[in-house]
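What follows is a set of notes on a single structure, which appears directly below.
Only the coordinates and a few stated rules stand behind these numbers; no lab work does. The structure presented is a predicted model; accordingly, all values stated were derived computationally and were not measured. Here Cβ is always computed from backbone atoms with ideal geometry, including for glycine, and neighbour counts include all displayed protein chains.
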């Protein structure tokens, strides 16, 4: 599940993800082991590490499994459906790092919008005056 191709994110989170992967493989198909606190915490820790790294370097994930919130949510849902084990909220979803300030949205400031509208109006009126005075 945590087998991602060699990449910077895999290198950055190698220690955390190797432990998580070893724990997951040791559980085999035992749902009580797969959904135990230790296993889930290791898995979520690995995914959190990858998400935090990707946010810090502002790069897309090399594969959808790296730092994947849907994967963590699906894992929690599978624990609930197969083993009737309800995981804690912090084990069911990834959280954003405290340093993340959200996506940057480039918006035209009010002053810039006013200048653009005024220049557009002047150019439009000038064009109308020129066209109406053609003989």
The range 33-106: Kirkwood hydrodynamic radius (Cα pairs, Å) comes out at 13.1
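Can you give the convex hull volume per residue for the Cα atoms of the chain, as a whole number of Å³? Intermediate results must be reported in sequence, preceding the final value.
Details: hull volume 26.0 nm³, N = 135.
For the chain, the hull spanned by Cα atoms encloses 192 Å³ per residue.
Which semi-axis lengths, in whole Å and largest first, follow from the square roots of five times the eigenvalues of the Cα gyration tensor of the range 1-62? List each step's numbers first, then the result.
Numbers: eigenvalues 109, 25, 14 Å².
They are 23, 11, 8 Å, listed from largest to smallest.
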What helix-only [θ] at 222 nm does the chain give? Using -39500 (n - 2.57) per DSSP H run of at least 4, over all residues, to the nearest 500, the answer is -19500 deg cm²/dmol
C-alpha long axis of helix 37-57 to longest principal axis of the chain, angle in °:
30
How would 33, 17 line up from fewest to most surrounding beta-carbon atoms within 10 angstrom?
33, 17
Per-selection metrics, the range 67-135 (Cα): Rg and Dmax in Å
28.1, 86
In degrees, nearest ten, helix 14-27 long axis to first principal axis of the chain (Cα)
50
Note down the relative contact order for the chain as a percent, whole number, built from C-alpha pairs under 8 angstrom at least six residues apart.
22
Helix 69-83 sits at what angle to the longest principal axis of the chain, using alpha carbons and giving 0 to 90 degrees rounded to 10?
40
Report the gain in length on full extension from residue 133 to residue 57: 0.36 nm times residue separation, minus Cα-Cα distance, nm rounded to one decimal.
21.4 nm
